[in-house]
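Trainee: Sharing a structure, written as structure tokens. Questions coming.
Every number in this text was worked out from the coordinates using simple rules, so none of it is lab data. All values reported here derive from a predicted model rather than from experimental measurement. Quick reminder, even Gly has a Cβ in these numbers, built from the backbone with ideal geometry, and neighbours come from all protein chains shown.
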Amino acid sequence: MRIASNADNLVFDPFMGVGSTGVATLKLDRRFSGVGIEEDYYRAAEKRLSAVETPLFTGV
């Protein structure tokens, strides 16, 4: 993430799963957008992403 993007860049994950990429992205001061079709995984990602403390995160 640090090598392939810069601070404040938008990182898109089309296969979000439980949000691991999103967590790393937010912790490195990037913006994140992800897509997932499984509701259970989406809820897990929502919970994980909501726990990340960063001024760039506005919610799921």
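Trainee: Where does the chain land at 222 nm, in deg cm²/dmol rounded to the nearest 500, when only DSSP H runs of n ≥ 4 count, each adding -39500 (n - 2.57), divided by all residues?
Mentor: Here the helix-only value at 222 nm equals -10000 deg cm²/dmol.
Trainee: Using 0.36 nm times the number of residues separating S33 and I3, minus their current alpha carbon distance, what extension gain do you get?
Mentor: So the extension gain works out to 9.0 nm.
Trainee: Taking the Cα of Y41, stepping 7 Å toward and past its beta carbon, and measuring to each backbone N in the range 4-33: which are under 11 Å?
Mentor: Within reach of a label on Y41: 14-20.
Trainee: Going by how many other Cβ atoms sit within 10 Å of their own, how do M1, M16 line up, fewest first?
Mentor: M1, M16
Trainee: How do D13, D8 rank when sorted from fewest to most other Cβ atoms within 10 Å of their own Cβ?
Mentor: D8, D13
Trainee: Okay, moving on. Starting from the alpha-carbon convex hull of the chain, give the projected area averaged over all orientations, in nm².
Mentor: Computed as one quarter of the Cα hull surface, the answer is 3.5 nm².
Trainee: Still on this structure, I have one more. Going by C-beta contacts inside 10 Å, put R30, R48 in order with the fewest on the left.
Mentor: Listing R30, R48 from fewest to most nearby Cβ atoms yields R48, R30.
Trainee: Enter the angle in degrees (range 0 to 90, nearest 10) between the Cα long axis of helix 39-50 and the first principal axis of the Cα atoms of the chain, meaning the one along which they spread out most.
Mentor: Long axis of 39-50 versus the principal axis of the chain: about 40 degrees.
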